[in-house]
Amino acid sequence: MKLLLHICCAPCAIFPLSVLKRRGVDTSGFFFNPNIHPLTEYNRRLQALSDYARDSGLPLVIGGEYGLKEFLRAVVYREEERCLICYRMRLTTAAKQAKATGADAFSTTLLYSVYQEHEQIKAVGEAVAREEAVDFYYEDFRPGWKEGVRRSREMGIYRQPYCGCVYSEMDRYLRPKEAAGKKDEALRLRPIEQEPDTGR
């Protein structure tokens, strides 16, 4: 299978890519994240992913220009729905890119993050797949969270302190105790069973 994997950041890509590689999935990366604020943070995450893709041999496509204006226009006065809007923006663009490049399916590293609304991402991915007539590859990568964190730290990859948008930055620093509690709960997830390397 030829898969286009939407990547939110380098640390979140490490574990999903290792799983996909073991399964013999032909994977290319796609960076499209107009929510990331400010531009310096966007550039830092893009550079970290570009370096990781180069070092690991991952084909990587950068999706368009910095789209912060479009993101903010979509969520203004709908801030409580911002994550749903953001997921749809990113996954719709990924699906269109997958279809245009002849990929069999698209997916996203957002399915790895213990901080995202997982079921919402899955539902949006499936809805976008129907709309764009390209398959959505679903897998719950969250059980590999601890392994991905460990590996990203060992590799010295930049790890951002918040999801991306200005609202998530605000939440991160206004409610640190709540964020810490969610992290503790997430770390109790069981790891994915390791599959044998088929050599594909």
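Odds and ends about this structure:
- Scanning the stretch 150-165 for residues that are assigned to a helix (DSSP H, G or I) and surrounded by fewer than 18 Cβ atoms within 10 Å (Cβ to Cβ) returns Arg150, Arg151, Arg153, Glu154, Met155.
- Filtered residues of the stretch 57-91 (kept if among the aromatic types (Phe, Trp, Tyr), crowded, with 19+ Cβ neighbours inside 10 Å and over 15 Å from the mean Cα position of the chain (by Cα)): Phe71
- Counting only strands (runs of 3 or more DSSP E) wholly contained in the stretch 1-73, no element carries 2 or more residues that are farther than 14 Å from Arg90 by Cβ, in contact with a Pro (Cβ under 9 Å, 6 or more places away or on another chain) and β-branched (Val, Ile, Thr).
- Output for the stretch 96-123, where each listed residue is within 21 Å of Val19 (Cβ to Cβ), part of a helix (DSSP H, G or I) and not hydroxyl-bearing (Ser, Thr, Tyr): Ala98, Leu110, Leu111, His118, Glu119, Ile121, Lys122
- Exclusive hit being among the charged types (D, E, K, R), modelled with pLDDT under 90 and surrounded by 14 or more Cβ atoms within 10 Å (Cβ to Cβ), set Arg188, Arg172: Arg172
- Residue match in the stretch 132-147 (condition: at pLDDT 90 or above, loosely packed, with under 11 Cβ neighbours inside 10 Å and not in a strand (DSSP E or B)): yes
The values are calculated or read from the model by the stated rules, or taken from the named source; none is laboratory data. Predicted model, so just to flag it, every value in this text is computed and none were measured. Using ideal geometry, Cβ is built from the backbone for each residue, glycine included, and neighbour counts are taken over all protein chains shown.
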